[in-house]
Amino acid sequence: MNRRALGAEAEKLAEQYLRAQGYLFMARNWRCRSGEIDLIFRDQGVIVFVEVRSRSNPSRYGTAIESIDARKQRQVRGIAEVYLYQQRLTADAVRFDVITVHFQGNAVPDLRHWQGAF
């Protein structure tokens with residue numbers, strides 16, 4: 001599977017997981033000039049911005065969670081501000097979650113949800 005297909009599959013799995021947890025879907029791959037937010041959900045009144053990261057070989061480039069550095073966190077926060085402004089949403093609370101998906105050959109992917117990751 002190429003990198004783009006791997007990422008799309010990880011986002012699909014993350015979306016299915018969050019829906020199964022009772023989160024309410026708001027947007028997928030929301031873009032502005034600053035970048036993109038993978039998934040946006042609502043969880044009991046909290047708007048949740050979700051960054052999805054996947055790996056098939058973590059030893060080569062580090063783990064998926066390690067790839068969310070300070071620069072990426074700032075970028076996602078900035079894009080979230082644009083989203084809230086453009087959608088005219090006033091959220092009492094927002095949260096930034098990360099979902100990591102580790103693909104291991106033909107085995108079931110290992111999905112982890114990091115609530116309030118940053």
Problem set entry | Restricting segment 35-107 to trypsin sites (Lys or Arg not before Pro) in coil, as DSSP defines it, with at most 14 other Cβ within 10 Å | ARG88
Exercise. Which order do THR100, THR63, THR90 fall in if you start with the one that has the fewest other Cβ atoms within 10 Å?
Worked result: THR90, THR63, THR100
For this session: Please state, rounded to one decimal and in Å, the Kirkwood hydrodynamic radius that segment 3-114 gives when every pair of distinct Cα atoms enters the mean of 1/r.
Result: 14.5
Seminar exercise, completed: Rounded to the nearest 10, the angle in degrees between the Cα long axis of helix 70-86 and the longest principal axis of the Cα atoms of the chain comes to 40
Problem set entry | Burial ordering of ILE99, ILE68, fewest other beta-carbon atoms within 10 Å first | ILE68, ILE99
Problem set entry | Potential lengthening between ALA27 and ARG4 on full extension [0.36 nm per residue; Cα-Cα distance subtracted] | 6.4 nm
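Just so you know, all these numbers are worked out from the coordinates, no wet-lab data involved. All of these numbers come straight from a predicted model, not from anything done at the bench. Heads up, the Cβs are rebuilt from the backbone with ideal geometry, glycines too, and the neighbour counts pull from every protein chain shown.
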